Amino acid sequence: MKKNIYILGLIVLIVGCASFRTDIEGASGLETQKNVGADPVDVLFIAKHLEQTRGLDAIPKLQNRYDILQGFDDILLDATSEFSNLRRFASYTEFSSDLSDPKRIALKDSLMSQYKIRISMEFRKEKSFSKYFLGTLGSVFSLTLAPIPYTQEYYLKVDVYDANGRYQKSYDRSAKTTKWVEAFLLPIYPFHTEKRKTEEIYVAFLHDVFRQIESDRILNMGE
C-alpha cells in the first residue's frame, strides 16, 4: 500500500504541462509603416475584458481587475508604437462595478471629453466547460500519463470612433492556446508557459490591429 502511495506521489511531482498557440486568425499581414506628416491626435483607449465558460456561463462576464492579464498596460503601451501621430493618449478599463460607482463614471466621462478619438477594445476569453470537465476526468483516471489538451480561445474586437463620436471601422482577430497536461512534460514547461503564450497573443492582436488602423489612416481624419 505504501509503495503505491509513493508511486502516486512521484507521478504527481513530475506532472508537467506545455502550452502552444495558433497563428492569429484575420491578421492583416501588414508591415509597420508610418504616415509621415499626419496631424497629431489625442486618443482614448477603452478596454473591456470578458470571459465565458460555455456550458456554464449564460453570458460573457467582465473580468475584475485581478483577473485581467498581468502586464496588459505594458502590452498596450508597446503597441502604440505602431501609430505615427499620437500626441497624447490615455486608457480606461471597464469593470462591471462601474455601473454603481459615480467616481468611475465621472472619470470615464472626463476622459472622453478630453480625448476625442476613441479606440474601443473588447477582449474575450472562452473555453468549453464540458471539454475541461472531461479533460480533468481523463487526467485523474490516467494519473496524467495520457496527454490531455485544454483549449482556450481568445477574441479581439476593436471599434474606432472619430473626434465627433462617429463610428469609423471595426477590426476582429482570434487565436487559441492549447495546454497539454501529461506526466514528464515538466522539462518542456519553462519554454512553453501558458502565461507567455497568452501574452504573445495579446501582443500580436494589438500590434496587428494598430498597424492596420495606421494603414487605413483612420486617425488622420482630424477633429
Test: GLY37 is more than 22 Å from TYR155 (Cβ to Cβ) and free of Cβ contacts under 8 Å to residues at least 24 places away in the same chain: yes
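Okay, residues lined up against (1) more than 14 Å from the chain's Cα centre (by Cα); (2) at pLDDT below 90; (3) over 28 Å from LYS131 (Cβ atoms); (4) not β-branched (Val, Ile, Thr):
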site: SER19; (1), (2), (3), (4): yes, yes, no, yes
site: GLU31; (1), (2), (3), (4): yes, no, yes, yes
site: GLU51; (1), (2), (3), (4): no, no, no, yes
site: GLY71; (1), (2), (3), (4): no, no, no, yes
site: SER81; (1), (2), (3), (4): yes, no, yes, yes
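Within segment 133-152, track down each residue that is modelled with pLDDT of 80 or more and either surrounded by 16 or more Cβ atoms within 10 Å (Cβ to Cβ) or farther than 17 Å from THR22 by Cα (or both). Give the derivation first.
Of segment 133-152, the ones modelled with pLDDT of 80 or more are 149-152.
Of everything in segment 133-152, those that are modelled with pLDDT of 80 or more and either surrounded by 16 or more Cβ atoms within 10 Å (Cβ to Cβ) or farther than 17 Å from THR22 by Cα (or both) turn out to be TYR150, GLN152.
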Subset of segment 153-167 that is surrounded by 15 or more Cβ atoms within 10 Å (Cβ to Cβ) and at pLDDT below 95 - its residue that is nearest to HIS49 (Cα to Cα): ASP162
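Go through segment 88-132 and report how many residues are over 30 Å from PRO149 (Cα atoms) and of a type in the set (Asp, Glu).
Step one: list which residues in segment 88-132 are over 30 Å from PRO149 (Cα atoms), which gives 88-120.
Restricting the remaining residues to those that are of a type in the set (Asp, Glu) gives 94, 98, 101, 109.
Number satisfying all stated conditions: 4.
What strands (runs of 3 or more DSSP E) completely inside segment 30-130 contain at least 1 residues that are among the β-branched types (Val, Ile, Thr) and in contact with a Ser or Thr (Cβ under 7 Å, 6 or more places away or on another chain)? Spell out the reasoning first.
Working: elements: 41-54, 86-94, 117-128.
Counting at least 1 such residues, we get 41-54.
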Those residues of segment 51-70 which are touching a residue at least 12 places away in the same chain (Cβ under 8 Å) and either of a type in the set (Phe, Trp, Tyr) or closer than 14 Å to PHE205 by Cβ (or both), in sequence order: LEU69
Unmet requirement for ALA183, which otherwise passes all of (1) modelled with pLDDT of 95 or more; (2) surrounded by 16 or more Cβ atoms within 10 Å (Cβ to Cβ); (3) small (Gly, Ala, Ser): (1)
SER130 being in contact with a Gly (Cβ under 9 Å, 6 or more places away or on another chain), loosely packed, with under 15 Cβ neighbours inside 10 Å and modelled with pLDDT under 95: yes
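The values are calculated or read from the model by the stated rules, or taken from the named source; none is laboratory data. From a predicted model like this one, the values you see are computed outputs, not experimental measurements. Backbone-built Cβ (ideal geometry, glycine too); neighbour counts: all protein chains shown.
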